[in-house]
Every structure is written in C-alpha cells, then in structure tokens.
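Colleague: Before anything else, here's the structure in question.
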Amino acid sequence: AFYEETVSAAKVAVMYSFATARHYRTIARESDLYGKGESRQGAGNFTASFHGFCDALARSGIPYDVVTDLEFRLDGIDSYDCIFLPTCACLSDKAIRKLKKFTEKGGTLIGSFDTAGFDDKGKKRTEPGL
C-alpha cells in the first residue's frame with residue numbers, strides 16, 4: 001500500500017532496446033533458462049554497453065530508470081532530463097520520432113557507438129536515425 005501511486009524521482013533514464021537485443025550483437029551467457037550463450041551480428045556490444053551505463057550511474061549515485069523501446073514506455077519520457085542510449089543500434093522510426101521530439105523540448109540524448117544505425121528489424125539505415 002505504501003508504494004501505490006508512487007512516481008520515480010529519477011531525471012535520468014537508460015534505454016533497453018528489445019529490437020537491438022533481437023537483431024544486433026549481444027552476448028548472453030549459458031544458463032538453464034536460455035540454454036547456450038549466443039552472440040549476434042554487429043560491431044558493438046549492446047549488452048556490455050547497457051550494463052556499463054547502468055554501472056556508471058549506480059556507482060556515481062545518480063538515480064535512474066530503465067526505459068524500453070516498446071512504444072507504450074516512450075509515452076512517459078518527458079519526465080526525464082537525459083536519456084542514455086547505450087549502443088541502441090536498432091530503433092523503430094516511431095521511437096526515433098519520439099526521441100527527436102524529446103530533444104526539441106529540451107531533453108538530452110547521449111548515445112554510444114552506432115545508436116539508431118539500424119531499423120527495428122536489423123536493417124542498416126542509409127543515414128543514422130539520430
């Protein structure tokens with residue numbers, strides 16, 4: 001009951017891109033749940049980048065939320081001052097439009113490596129999305 005109707009005070013978010021996890025290079029360790037480890041295409045490493053950004057923020061004592069590239073989560077990004085995109089290589093056109101509107105309203109995006117270089121199906125863009 002104490003946590004009902006609470007709102008995060010974090011002004012920073014780190015994006016977890018499900019499209020990137022599906023179509024781009026990611027490292028998954030072997031486990032009982034997922035089976036053998038895997039690695040996919042792409043020069044960057046989404047998994048390591050995501051964990052690195054989260055670790056740096058946590059060690060710095062900066063509160064943050066994790067947002068995803070799923071469309072319903074992007075509706076609430078206006079509450080943040082800054083969103084980190086750690087090698088979020090595969091993003092939909094709709095997600096890119098919402099992120100651009102976020103910056104037009106004064107928000108800051110910090111992306112690494114080839115963020116938005118591919119569409120949400122893993123196809124390389126002719127021009128970077130962001």
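The values are calculated or read from the model by the stated rules, or taken from the named source; none is laboratory data. Note that the structure is predicted; figures quoted are calculated from it, not measured. Cβ: placed from backbone, ideal geometry, glycine included. Neighbour counts: every protein chain shown. Heavy atoms of the whole protein, side chains included, go into the accessibility calculation; ligands, DNA and RNA do not. Shrake-Rupley method; radii C 1.70, N 1.55, O 1.52, S 1.80 Å.
Colleague: For a protection proxy built on the mean count of beta-carbon atoms within 10 angstrom, sort 102-112, 10-20, 116-126 highest first, please.
Modeller: On the way: 102-112: 14.0, 10-20: 21.1, 116-126: 15.8.
With the highest mean Cβ count within 10 Å placed first, the list reads 10-20, 116-126, 102-112.
Colleague: Taking a probe of 1.4 angstrom, what is the accessible area of residue 54 in Å², to the nearest 10?
Modeller: So the heavy atoms of residue 54 present about 20 Å² to solvent.
Colleague: Follow-up question, since we're still on this one. Using 24 Å as the Cα-Cα cut-off, could you pick out the over-long pairs in 100/124; 11/124; 11/121? Working shown, then result.
Modeller: Values: 100/124 19 Å; 11/124 31 Å; 11/121 30 Å.
Result: 11/124; 11/121 exceed 24 Å.
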